[in-house]
Amino acid sequence: LPLLNVNDHFTSNINGDYNIKLPLSAQAGANMWRATIPWASVEKTQGNYKMPEDVVTVMNQTEELGMQTLIILAYNNDLYGSPDPSNATWLNAYATYCYKMAEYMAGKYKDVVVGFEIWNEWNHASMSKVPETYRTGAHYATVVKAASAKIRAVNAKYGTNFKVIAGATAGDGYGDTSSNKFINDMFAASGFFAAVDGVSFHTYSSEETTSWSDQIKGERVFEYISPAEHDFAARIVNYKNLMAQYNAPSD
């Protein structure tokens, strides 16, 4: 199953459960995991970068299992204030963290790391921690281009081929006005597609409508969702058609 991968938080708060989750994922046929190595955990004082020991442990076991990783470069670091792509200091600090992460992985795990995803759900208020003013596709594209330049500088210097993935949208824009505007603005930004190797999106196409808080209480609610809204294949076609409108590369 070459496309079977897992998403977890091995590198954020593992508490030893990676010893269970990673081998089970590999046994199930997963080839790759996706998780965040938080900016704030790597740069605890300005200008000083150190990979957390937990992350090193997880990366070593990933290598031993023959798996690979897609690393999310997020979330904010309060050392530089709240996310603000219009602030050169903040933008450069985030891009530098991206460079340091890519450089570290080039030296230690160049065959384990497939690439880096730029942030996670920038358009989601509570998830991204991004102020509403900057929670737009255009501002996100600014962040993507700055991060991509740094990652590709590492590729050029060390001969790696780390991919740059962008999007990771909270909602894929299929019938969602808010998400759709974010995605359109992201695609329309000058130089966006030249800066990325792939685009990701989160469909949230489940028929379950229960909030997380109610699920914790044991309450589960399912509603009928029309095939057009629930059809994952239709969503992909819609997405690819939208990308084509903005002259995205065919691959």
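Across q = 0.16, 0.19 Å⁻¹, region 28-87 modelled as identical point scatterers on its alpha-carbon atoms has Debye log10 I(q)/I(0) values of -0.62, -0.78, in the order of the q list. With the convex hull of its Cα atoms as the shape, region 90-144 has an orientation-averaged projected area of 4.2 nm².
With Cα atoms defining each centre, region 34-63 and region 99-141 are spaced 14 Å apart in the structure. In the distance distribution for region 1-160, Cα-Cα pairs more than 24 Å apart total 35 percent. Average accessible surface for region 72-115: 39 Å² per residue, computed with a 1.4 Å probe over protein heavy atoms with every protein chain in place. Building the convex hull from the alpha-carbon atoms of region 80-175 and averaging its projection over directions returns 6.7 nm².
Between beta-carbons, use under 15 Å as the cut-off and find the net charge around Pro131, counting Lys and Arg +1, Asp and Glu -1. Local net charge: -2. Simple spin-label estimate for Asn241 and Ala156 gives 3.9 nm between the two label positions (7 Å along the Cα-to-Cβ direction from each Cα).
Checked against a 19 Å cut-off, the cross-linked pairs Lys129/Lys163; Lys44/Lys145; Lys108/Lys163; Lys21/Lys163 give Cα-Cα distances beyond that limit for Lys129/Lys163; Lys44/Lys145; Lys21/Lys163.
The values are calculated or read from the model by the stated rules, or taken from the named source; none is laboratory data. If you're wondering where the values come from, they're calculated on a predicted model, not measured in any experiment. When we count neighbours, we look across all protein chains shown, and the Cβ atoms used for this are built from the backbone with ideal geometry, even at glycine. With ligands, DNA and RNA removed, areas are computed over all heavy atoms of the protein, side chains included. Shrake-Rupley method; radii C 1.70, N 1.55, O 1.52, S 1.80 Å.
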